[in-house]
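Each reported figure results from applying straightforward, stated rules to the coordinates on display, with no laboratory input. Quick caveat: nothing in here was measured; it's all calculated off a predicted structure. Every residue, glycine as well, gets a Cβ built from its backbone with ideal geometry; the counts of neighbours run over all protein chains shown.
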Amino acid sequence: MDDIRKLIETWARAVHEGDLAQVTAHHTDDIVMFDVPPPYEGVRGIDAYRASWPGFFEWQRSGAVFDIEELQVVEGADVAFAFAVARCADAGDDSPVRLRLTFGLTKADGAWQIAHEHHSFPHQQA
């Protein structure tokens, strides 16, 4: 469980720092990500996953924050999942709304890899 926790915390730090190599490390070649922005059918494959990050990194450099506040991990022998709540906001935004993250992981050659990510915000009522 500590390996998975460390992997996800390292991923989150890399997201905050805009480190594409570290963000994409430890992902399967056939990663599927359902993200907040389009495409709504998901991003499929490591190349598409890699290509999805530059716009977010540009926003992040404006002074935005990306900090995991809660992380829970459930680990089996060869598969695991984790869910997290993160503060993902413009600098100075003190909104209580948090980003929800879910990860599906598989173990290959003794090492955990992320095979699925789901990022979402709760629906806001007007």
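Among residues of region 20-31 being among the hydrophobic types (A, V, I, L, M, F, W, C) and crowded, with 16+ Cβ neighbours inside 10 Å, the one that is nearest to ARG87 (Cα to Cα) is VAL23. Note on region 41-98: among residues that are charged (D, E, K, R) and touching a helix residue (DSSP H, G or I) at 6+ places or on another chain (Cβ under 9 Å), the one that is farthest from ASP109 (Cα to Cα) is ASP90. Apart from one condition, ILE114 fits all of (1) free of Cβ contacts under 8 Å to residues at least 60 places away in the same chain; (2) among the β-branched types (Val, Ile, Thr); (3) under 21 Å from ASP3 (Cα atoms); the exception is (1). In region 88-126, the qualifying residues are those that are in a loop (DSSP other than H, G, I, E, B) and touching a Ser or Thr at 6+ places or on another chain (Cβ under 9 Å), and the one that is surrounded by the fewest Cβ atoms within 10 Å (Cβ to Cβ) is ALA91.
Scanning region 20-40 for residues that are part of a loop (DSSP other than H, G, I, E, B) and over 22 Å from PRO122 (Cβ atoms) returns ALA25, HIS26. Annotation note: of GLY76, GLY55, GLY45, the sole residue that is without any contact (Cβ under 8 Å) to a residue 40 or more places away in the chain and under 18 Å from ALA14 (Cβ atoms) is GLY55.
Quick check: anything in region 41-52 assigned to a helix (DSSP H, G or I) and buried (at least 18 other Cβ atoms within 10 Å of the Cβ)? Yes, region 41-52 contains a residue that is assigned to a helix (DSSP H, G or I) and buried (at least 18 other Cβ atoms within 10 Å of the Cβ). The residue list GLU17, GLU58, GLU70 contains one member that is among the acidic types (Asp, Glu), surrounded by fewer than 16 Cβ atoms within 10 Å (Cβ to Cβ) and within 18 Å of SER120 (Cα to Cα), which is GLU70.
Quick check: anything in region 62-82 in a loop (DSSP other than H, G, I, E, B), among the acidic types (Asp, Glu) and touching a strand residue (DSSP E or B) at 6+ places or on another chain (Cβ under 6 Å)? Yes, some residue in region 62-82 is in a loop (DSSP other than H, G, I, E, B), among the acidic types (Asp, Glu) and touching a strand residue (DSSP E or B) at 6+ places or on another chain (Cβ under 6 Å).
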